[in-house]
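Worksheet: one structure, shown below.
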């Protein structure tokens, strides 16, 4: 994985073709994260039923994670996790920037818990958006 370099004490250096996104990035890192241009979190497997000493129906924990955590995630990424995540947990990363207060989502990356790349989804069909996802992958996936 690529190590973060700092452009300023509060902002990492990020070099995609999308200059607005690059200026808004504070940090991109692995695991659970809520940042200026990314949110990410672990998504539990469909078959996991145990949480904090309680037993819940199959799928409830996964849907909880996909509900609040990945509410704005591209639907195709959530469907992929539902299909592949019966017994495996994943980390879902969603990348965006803000324009006039609105969140512009560029895409998502899914890794396993060991940060091995699984799949990427591009939400916008532009070279700049693709470069964001491709560059971000270097920081979060092996």
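Remarks
- Global form of the chain, assessed from the alpha-carbon gyration tensor, a/c cut-off 1.5: prolate
- Across the chain, C-alpha contacts under 8 Å between residues 6 or more apart give a mean separation that, scaled by the residue count, equals a relative contact order of 25 percent.
- Seen against the Cα atoms of the chain and their longest principal axis, helix 127-140 is set at about 60 degrees.
- Ranked by how many other beta carbons lie within 10 Å on average, peptides 42-48, 53-59, 66-72, 131-137 from highest: 131-137, 42-48, 66-72, 53-59
- Judged by the mean number of other Cβ atoms found within 10 Å, the most tightly packed of the peptides 92-100, 11-19 leads the ranking 92-100, 11-19.
- FRET efficiency, 1/(1 + (r/R0)^6) with R0 35 Å, evaluated for residue 56 and residue 103 via beta carbons: 0.70
- Rounded to 10°, Cα long-axis angle of helix 75-84 versus longest principal axis of the chain: 40 degrees
- Rounded to 0.05, the FRET efficiency of the residue 11 and residue 114 pair, given R0 = 30 Å and the Cβ-Cβ distance, is 0.60.
- Going by neighbour counts of Cβ atoms within 10 Å, the residues 112, 65, 87 line up, fewest first, as 87, 112, 65.
- With neighbours defined as other Cβ atoms within 10 Å of a residue's Cβ, the residues 51, 29 order from fewest to most as 51, 29.
- Modelled this way, with points 7 Å down the Cα-to-C-beta line, the labels at residue 128 and residue 63 are 3.9 nm from one another.
- For the chain, the mean residue ellipticity at 222 nm estimated from helices alone is -7000 deg cm²/dmol, where every DSSP H run of n ≥ 4 contributes -39500 (n - 2.57) and the total is divided by all residues, rounded to the nearest 500.
Every read-out reported here was derived from the displayed coordinates using simple, explicitly stated rules and does not represent laboratory data. Keep in mind it's a predicted model, so treat the numbers as computed, not measured. Glycine also receives a Cβ, built like all others from the backbone with ideal geometry; neighbour counts cover every protein chain displayed.
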